[in-house]
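Heads up, the thing below is written out as structure tokens.
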Amino acid sequence: MKLATLVLIPTLAAAQVARLEVSETAGLKRFGYPVRTRIHTSLSPEKLRLTAQAAAVDAQFTRINEGVVEIDFALDLKPWEKRRFLVEEGVPRPVSSPMSIEQTATSYVVRYPAGLAFDVPKNLPGLLNSVKTPAFEYLMPGSAGLIFNGPGNVEHRAAATTSRIVKSGPLACVLRFDSTERLGDRTVKSAVELEFPRSKSWAEVRWTVDDPDALVSGLIAEVNLRVEGQPLIVDFGAGTMIYATVRSGQSAKMRADASAWTIEVNGESYAAGRDPRAEGWAHVMDRRRATAVAIGDFADPEGSIETWADGRLRIRRDHLDGIRKSLTFWLHFVDMPVQIGAATSPQSMMRPPVVRVEN
């Protein structure tokens, strides 16, 4: 008679709250890459800490709602590497050089320890007032910000009626903006979250719209980048990397859907392809500054990135259907050369590490 095999399933020790496994699945080396995940616990965030192989790890714990805590931390990963962490009950290690948020009467200012600062308007028009480092200013005034493409292909600028701080550091800052927007004689509900991780100089924008009356066919974001000198250099993440020069009075545009992608410079065909699908990112560069932009679900169903020689940058997702519509994108502001200043490719932003949680 065969004896039953006893399988021992590991359980969490008394002081252990959760186990995390972080996996790199895109084949890309990560440097100080921000990780965000959630666990279920009734413990106060002030009584939680993160460890790896019994060593403390800098982490931020934020109460999201009753029973749920969000964790932010950063790590290095080799291609395909997996790393394991423990969330424990205990005193967390203080974070040195924290980031923070200051408020003025009209804006939030997200400050990084090295001097980078994002100025965000409280009512959201323009999306970003400014992005500054001790050496550079990355934006010009007067950006259009977030835009609905409404009935009759008419564009409406988004504006927030309420805003609040969701996370105030030390490792990640998040701002949330809510509004009910009127399009003609009907309305849609709009929610925008801007996230700023300390380990990267980017803004991650997550915009969702509840549109039960099918008023919105596209979501658009437009910012005015500060550029100096001519020509402007652009890299597009299409089926492969395509670069172009944009001279005074010209523009360059990549458009893609599920079947094909095209790139035009000054309205003329520049490159085109069908396989593989366009990745949906771009670098916009002058001699000293670079802005990387990446769009989630770029070609689903249709997306575009367009930039003009004067620095205007417009991204959009079109032909959206369903009640809930969304646009997620990243704006990463770095120095030239971009390969050194960014230390993170746009593909990394669109394909973050995968986190598995065991409570």
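The values are calculated or read from the model by the stated rules, or taken from the named source; none is laboratory data. This structure is a prediction, so every number in the text was calculated from the model and none was measured. So basically every Cβ, Gly included, is an ideal-geometry build from the backbone, and we count neighbours across all protein chains shown.
Of all residues in the stretch 261-287, count the ones that are part of a loop (DSSP other than H, G, I, E, B), of a type outside the set (Asp, Glu) and surrounded by 16 or more Cβ atoms within 10 Å (Cβ to Cβ).
3
Using the structure shown, decide if Met254 is more than 22 Å from Glu193 (Cβ to Cβ), touching a residue at least 40 places away in the same chain (Cβ under 8 Å), buried (at least 16 other Cβ atoms within 10 Å of the Cβ) and in contact with a Ser or Thr (Cβ under 7 Å, 6 or more places away or on another chain).
Judged against the criteria, Met254 is a match.
Being small (Gly, Ala, Ser), closer than 21 Å to Glu24 by Cβ and under 13 Å from the mean Cα position of the chain (by Cα) narrows it down to one of Ala343, Ala294, so name that one.
Being small (Gly, Ala, Ser), closer than 21 Å to Glu24 by Cβ and under 13 Å from the mean Cα position of the chain (by Cα) holds for just one of Ala343, Ala294, which is Ala294.
Of the numbered conditions (1) more than 30 Å from Thr162 (Cα to Cα); (2) at pLDDT 90 or above; (3) surrounded by 14 or more Cβ atoms within 10 Å (Cβ to Cβ); (4) in contact with an Asp or Glu (Cβ under 8 Å, 6 or more places away or on another chain), Ala52 fails exactly one; give the number of that condition.
(4)
If the requirement is being part of a strand (DSSP E or B), exposed (fewer than 15 other Cβ atoms within 10 Å of the Cβ) and not β-branched (Val, Ile, Thr), which of these qualifies: Asp76, Asp119?
On the way: Asp119 fails: exposed (fewer than 15 other Cβ atoms within 10 Å of the Cβ).
After ruling out the rest, the residue left standing is Asp76.
Condition check: modelled with pLDDT under 95, in a strand (DSSP E or B) and buried (at least 20 other Cβ atoms within 10 Å of the Cβ). Does Ala290 satisfy that?
yes
Of the residues that sit in the stretch 148-165 and are of a type in the set (D, E, K, R) and under 21 Å from the mean Cα position of the chain (by Cα), which one is farthest from Val192 (Cα to Cα)?
The initial filter retains those residues of the stretch 148-165 that are of a type in the set (D, E, K, R), namely 155, 157, 164.
This time we only want the ones that are under 21 Å from the mean Cα position of the chain (by Cα), so: 157, 164.
Numbers: Arg157: 13, Arg164: 11 Å.
Filtering first and then ranking leaves Arg157.
Which of the residues spanning the stretch 202-227 are at pLDDT below 95 and closer than 24 Å to Pro352 by Cα?
none
Any residue that is closer than 28 Å to Arg289 by Cα and loosely packed, with under 14 Cβ neighbours inside 10 Å - is there at least one of those in the stretch 84-93?
Just the residues of the stretch 84-93 that are closer than 28 Å to Arg289 by Cα, to begin with: none.
Within the stretch 84-93, not a single residue is closer than 28 Å to Arg289 by Cα and loosely packed, with under 14 Cβ neighbours inside 10 Å.
Here is a yes/no grid of residues against (1) under 17 Å from the mean Cα position of the chain (by Cα); (2) of a type outside the set (Ser, Thr, Tyr); (3) modelled with pLDDT under 95:
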site	(1), (2), (3)
Arg312	no, yes, no
Ile315	yes, yes, no
Phe329	yes, yes, no
Val334	yes, yes, yes
Arg356	no, yes, no
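Take Val355 and decide whether it is closer than 27 Å to Ala191 by Cβ, in a strand (DSSP E or B), aliphatic (A, V, I, L, M) and in contact with a Leu (Cβ under 7 Å, 6 or more places away or on another chain). If you could, list the steps in order and put the result at the bottom.
On the way: closer than 27 Å to Ala191 by Cβ: yes; in a strand (DSSP E or B): yes; aliphatic (A, V, I, L, M): yes; in contact with a Leu (Cβ under 7 Å, 6 or more places away or on another chain): yes.
Yes; evaluated as a whole, the condition is true for this residue.
I'm checking my understanding of the structure. Among residues of the stretch 57-68 that are in contact with a Leu (Cβ under 7 Å, 6 or more places away or on another chain) and assigned to a strand (DSSP E or B), which one is surrounded by the fewest Cβ atoms within 10 Å (Cβ to Cβ)?
Val57
Name the residues in the stretch 133-191 that are part of a strand (DSSP E or B), hydroxyl-bearing (Ser, Thr, Tyr) and exposed (fewer than 14 other Cβ atoms within 10 Å of the Cβ), would you? Spell out how you get there, then give the answer.
Let us first name the residues in the stretch 133-191 that are part of a strand (DSSP E or B), namely 137, 139, 145-149, 155-157, 162-168, 172-183, 186-191.
Still in the running and hydroxyl-bearing (Ser, Thr, Tyr): 162-163, 168, 179-180, 187, 190.
Across the stretch 133-191, the qualifying residues are Thr162, Thr180.
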